[in-house]
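Notes follow the structure.
The values are calculated or read from the model by the stated rules, or taken from the named source; none is laboratory data. This structure is a prediction, so every number in the text was calculated from the model and none was measured. FYI the Cβ positions are ideal-geometry reconstructions off the backbone, even for glycines, and counts take in every protein chain you see. When the accessible area is computed, the model is the full protein with side chains, heavy atoms only, and any ligands, DNA or RNA have been set aside. Shrake-Rupley method; radii C 1.70, N 1.55, O 1.52, S 1.80 Å.
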Amino acid sequence: MSTQKPLELIESFTRSHELRKRSHAIIPGGAHTYAKGDDQYPQLSPGFIVRGKGCHVWDLDGNEYIEYGMGLRSVTLGHAYDSVVDAAYRQMVLGINFVRPAAIEVECAEKLQSLIDSAEMVKFAKNGSDVTTAAVKLARAYTGRDLVAVCADHPFFSVDDWFIGTTAMSAGIPEAVRRMTVKFHYNDIDSVRNLFTAYPGQIACLVMEAETSTPPQEGFLSGVQRLCQEQGVVFILDEIITGFRWDLKGAQHIYGIKPDLSTFGKAMGNGFAISALVGRKDIMEIGGLKHDRQRVFLLSTTFGAETHALGASLETMRIYETEDVVSHLHRQGRRLAEGLTQAALANGVQDYFGVSGRNCNLVYYTKDQDGNRSQSFRALFLQETIRRGLLMPSLVVSYSHSDADIERTIEAISDALVVYRKALEDGVERYLVGSPVAPVFRPFVEPWRPL
Ligand SMILES: Cc1ncc(COP(=O)(O)O)c(C=O)c1O
């Protein structure tokens, strides 16, 4: 049960501010994940979270929030979800890492295989980047080609050089590596065809998500699949976000496509570190022992299949199967989107603030008085929603977001949009305390940004 009082403004971050100084002194950027960093949040914000339950979290100063980021979309059921925590704990007391594989590795692989139609074989790891990179490596070995085609309109595939080399933060990545990744555009089948024509017989794989905030046009995804087949290019579908959120069987099921390889992570373990590469047996097997080709070093790490993460994943998948979690995510997302759209209209800011994306994975945009996307207005919106007990870098709902949480959220956002309206009229600098936020991928830190 929430202990929040109605719309009482949160303004005390004293302990967070103190710990920020220590964290920046020891951790580059003050956080271990860029998307959680201080440049992503306004000055008046909680610097650190100490606990969470369901969709509620508490910061270091004891302030409570309803959260809409959910562990960067990994926590689909809710924070500290009892039966998942119990399942992980049951494995922990049996020991988590042995000298030979744990039996649960096979059980969990079989469960995942039973859910994902294209999963003929399965290999686990601890994060999405490693499995997506492993898919790329497998594709290169399988095809004997070097180039990787990525969707230019999708924001993230991996922390590894083949992808980060394509971003605005490519420092440290050799030019030779950067040249090996080429780009096509989403919903633009000609851009895929042109790429394959420009680099005949050189592209090993094509990497994309089925959908981010724009839905696929009729025939686009199947067209990509067909072109890949025709050109001998391995079709890799990144389901790190869409897996278990779009549908129990992945976005590939909804859109009727069959990738050669696909990658899952985030929602697989309700926040526990587990990810998976799945796909065609003839490709996956070259990372194994039953072939006479040159061997591929495919995902082998000390912590690759810790038993507690597998236990958590098995329980999480069991809940997805038995409780129709996905419908809840879509339903609550829709209520939120409708409520926010009405609130924007009621406050006359509908041309400056809005919601986009699939209901299970919504984001919002913020524009200034000239109609341009604005990081200052994003910071203001974050500031005013944080004040009102919401922590919402995105509008990502979980199974724990109740009707009451959604109603409370809409009420708080309506109130925050009053300030947004005033800022459009009087200037955002009159209302925003401190610096604007900034996108992660930028080549330099702004000279004025205080640490
Ligand atoms: C679509 C997509 N693919 C891959 C990744 C990488 O996953 P991880 O952060 O677990 O390495 C992310 C992370 O945000 C992602 O959003």
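Below 8 Å, C-alpha to C-alpha, sequence gap of six or more: please give me the relative contact order for region 303-451 in percent. Could you put the intermediate results ahead of the total?
On the way: 165 pairs, mean separation 35.3, N = 149.
Relative contact order here is 24 percent.
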query: Where the centre of each part is set by its Cα atoms, how far does region 218-253 sit from region 367-408, in angstrom?
result: 31
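In debye, nearest 20, what is the charge dipole magnitude of region 267-360 about its Cα centre with +1 on Lys and Arg Cβ and -1 on Asp and Glu Cβ, if you could check? Present the calculation step by step, with values, prior to reporting the outcome.
On the way: 10 positive and 10 negative charges, 47 e Å.
Dipole magnitude for region 267-360 comes out near 220 debye.
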- request: Using only the alpha-carbon atoms of region 110-259, report the extent along each of the three principal axes, biggest first, to the nearest angstrom.
  value: 41, 34, 30
- request: Grab the other residues whose beta carbon is less than 9 angstrom from that of Arg358, score K and R as +1, D and E as -1, and report the net.
  value: 0
query: From the cross-link list Lys249/Lys281; Lys53/Lys183; Lys126/Lys249, which pairs have alpha carbons spaced over 29 Å apart?
result: Lys53/Lys183
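With a 1.4 Å probe and all protein chains left in place, how much accessible area per residue does region 85-170 have, in Å²?
Working: 4070 Å² over 86 residues.
Result: 47 Å² of accessible area for each residue.
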query: In sequence order, what are the phi-derived ³J(HN,Hα) couplings for region 175-192 according to the Karplus relation 6.51 cos²θ - 1.76 cosθ + 1.60 with θ = phi - 60°, rounded to whole Hz, with x for glycine and proline?
result: 3, 4, 6, 4, 5, 7, 10, 10, 10, 10, 10, 5, 6, 9, 5, 5, 5, 6
message: With angles folded into 0 to 90 degrees, how steeply does helix 403-426 sit against the dominant principal axis of the chain? Use alpha carbons for both and round to 10.
response: 70
Radius 14 Å from Cβ of Arg430, net charge of other residues (Lys, Arg +1; Asp, Glu -1): -3
task: Return one number: the angle in degrees, 0 to 90 and rounded to the nearest 10, between the long axis of the Cα atoms of helix 375-387 and the longest principal axis of the Cα atoms of the chain.
output: 70
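Summing -39500 (n - 2.57) over the DSSP H runs of n ≥ 4 in the chain and dividing by its residue number, what mean residue ellipticity at 222 nm do you reach, to the nearest 500 deg cm²/dmol? Walk me through the numbers on the way to the answer.
Numbers: 15 runs with 171 residues, N = 451.
About -11500 deg cm²/dmol.
Write down the percent of antiparallel bridges among all DSSP beta bridges whose residues are both part of region 209-290, to the nearest 5. Could you put the intermediate results ahead of the total?
Numbers: 4 of 8 bridges.
Of those bridges, close to 50 percent are antiparallel.
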query: What nm value, rounded to one decimal, do you get for the distance between Leu345 and Glu411 when each label is placed 7 Å out toward the C-beta?
result: 2.2
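Evaluate the charge dipole of region 194-279 about its Cα centre and quote only its size in Debye, nearest 20, assuming +1 on the Cβ of each Lys and Arg and -1 on the Cβ of each Asp and Glu. List each step's numbers first, then the result.
On the way: 5 positive and 8 negative charges, 30 e Å.
Dipole about the Cα centre, nearest 20: 140 debye.
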message: Which residue, Ala312, His330, His291, has the largest displacement toward the positive end of the dipole of region 290-334 when charges sit on each Cβ (Lys, Arg +1; Asp, Glu -1)?
response: His291
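Excluding Ser374 itself, calculate the net charge of residues whose Cβ lies under 13 Å from the Cβ of Ser374, where each Lys or Arg counts +1 and each Asp or Glu counts -1. Working shown, then result.
Numbers: positive: Lys367, Arg373, Arg378; negative: Asp351, Asp368, Asp370, Glu429.
That works out to -1.
Summarise the accessible area of region 7-141 (1.4 Å probe, protein heavy atoms) by the percent that is carbon and sulfur.
Values: 3740 of 6800 Å².
Taking all protein chains in place, region 7-141 shows 55 percent carbon and sulfur surface.
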statement: The relative contact order of region 39-91, taking Cα pairs under 8 Å that sit 6 or more residues apart, comes to a percentage of 27
- prompt: Using alpha carbons only, how many degrees (0 to 90, rounded to 10) separate the axis of helix 14-26 from the longest principal axis of the chain?
  reply: 40
field: Compactness of region 133-203 - radius of gyration and Dmax, Cα, Å
entry: 12.1, 33
field: Estimated vicinal HN-Hα couplings, Hz - region 53-65 in sequence order (Karplus 6.51, -1.76, 1.60; Gly, Pro = x)
entry: 8, x, 9, 9, 10, 10, 8, 5, 8, x, 6, 10, 9
- prompt: How large is the dipole of the chain about the Cα centre if only Lys and Arg carry +1 and Asp and Glu carry -1, each at its Cβ, rounded to the nearest 20 debye?
  reply: 840
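Taking 30 Å as R0, compute the FRET efficiency from the Cβ-Cβ separation of Val445 and Ser394 and round it to 0.05.
0.80
Could you tell me the relative contact order of the chain? Use alpha-carbon pairs under 8 Å, at least six residues apart, and round to a whole percent. Present the calculation step by step, with values, prior to reporting the outcome.
Numbers: 838 pairs, mean separation 101.2, N = 451.
Taking the mean separation of contacting Cα pairs over the length of the chain, I get 22 percent.
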Projected area, mean over directions - the chain, Cα convex hull, nm²: 22.5
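Per the 1.4 Å probe, what fraction of the accessible area of region 357-451, in percent, lies on carbon and sulfur atoms? Could you put the intermediate results ahead of the total?
Details: 2050 of 4070 Å².
Taking all protein chains in place, region 357-451 shows 50 percent carbon and sulfur surface.
What's the longest piece of the chain with no exposed trypsin sites (Lys or Arg not before Pro), counting a site as exposed if DSSP puts it in a loop and it has at most 14 other beta carbons within 10 Å?
Working: sites that count: Arg179, Lys290, Arg293, Arg295.
Free of exposed loop sites, the longest segment is 1-178.
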- request: Please work out how much accessible surface Trp58 shows to a 1.4 Å probe, ignoring ligands, DNA and RNA, in Å² rounded to 10.
  value: 40
